[in-house]
Amino acid sequence: MKGGNQWTICYGSGKPCILWFGDCYEIVMRKVVFLVNNKKFIMTEEIIDFEGYTIHRIEAIKDFQLSNGKMIHVGDLGGWIENEENLSHEGSCWVMGNAKIFGDARIRDDAVVSMDAEVSGHAICEESCTVRGLSRVNTNAYVSGNADIYGRTVITDDAIICGEAIIGGHSFIHIGKNAHIGGKARIWGEVRIGKNADITGDYQYLTINVGKTSNYSLTLYRGKANSVYIHYGYKSLPVDDEEQFRALIPENVTEKDRSVIANMIQFGKAVIR
């Protein structure tokens, strides 16, 4: 060891370190890195402005393995975060590719956000979940367990996605308070699910594009207490409000398409429980 009264060079970790007032720093790729809290990344000077936020590219300062088996090595560049609180130094959670985390969003445990995915607002991704593709997780959404979110999926409001749920394709998941998608639920395609959803397995939702455009896309899904809901546009109603629901359908929908909607509602009542 050598140095002055305030700092000391040591090799306790097998690498040259600086001991400064009791705190240990490691010299990594000509950068002095704070080690006392066992940090695994630094925010680089590479920054961009994105949706009103200034976000930084991150860089790994230790080797670790992701939950999917991929190794992250010292010096590997990751995705983008606004501040260190967006990504925990504990566990093997990581932000990869062009993924962006900003606002008060939190990535914890072994969660991985990759590709062009975005997590923002007060959203939380934790445990071993993955968010990838062009997915968006925002507002107060919560993703956990081994859930896998991919494609163009949007998880928003107070959505709770957990368990072994897989949601992908062009799904749009818009869920209100106390809603839940978990278990071994599989959701893909052009799907819109609204408030009070309680989907934990297959055959618990049904979607159809009525007419020549997807403007008439309807989804029936399982709700709380084995109820059945209809989602159309930006509204979700229990099937018991069928009359109110019919009033929402544009006047230019043909009688044939209205008949399809009526049959779909009856079929949904029979099979979605």
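The numbers here are math on the coordinates, done by the rules we state, and not lab data. Predicted model, so just to flag it, every value in this text is computed and none were measured. Counting neighbours? That spans all protein chains shown, and the Cβs are built from the backbone with ideal geometry, glycine included.
Just a few scattered comments:
- Anchor K235: aspartates and glutamates whose Cα lies under 15 Å away (excluding residues fewer than 8 positions away in-chain): D157, E243
- Ranked for footprinting exposure by Cβ neighbours inside 10 Å, fewest first, H73, H180, H89, H231 give H73, H89, H180, H231.
- For the range 129-214, the equivalent ellipsoid built from the Cα gyration tensor has semi-axes of 19, 14, 13 Å, listed from largest to smallest.
- For the residue pairs K70/K224; K62/K177; K184/K256; K70/K100; K39/K177, the alpha carbons lie more than 28 Å apart in K70/K224; K62/K177; K184/K256; K39/K177.
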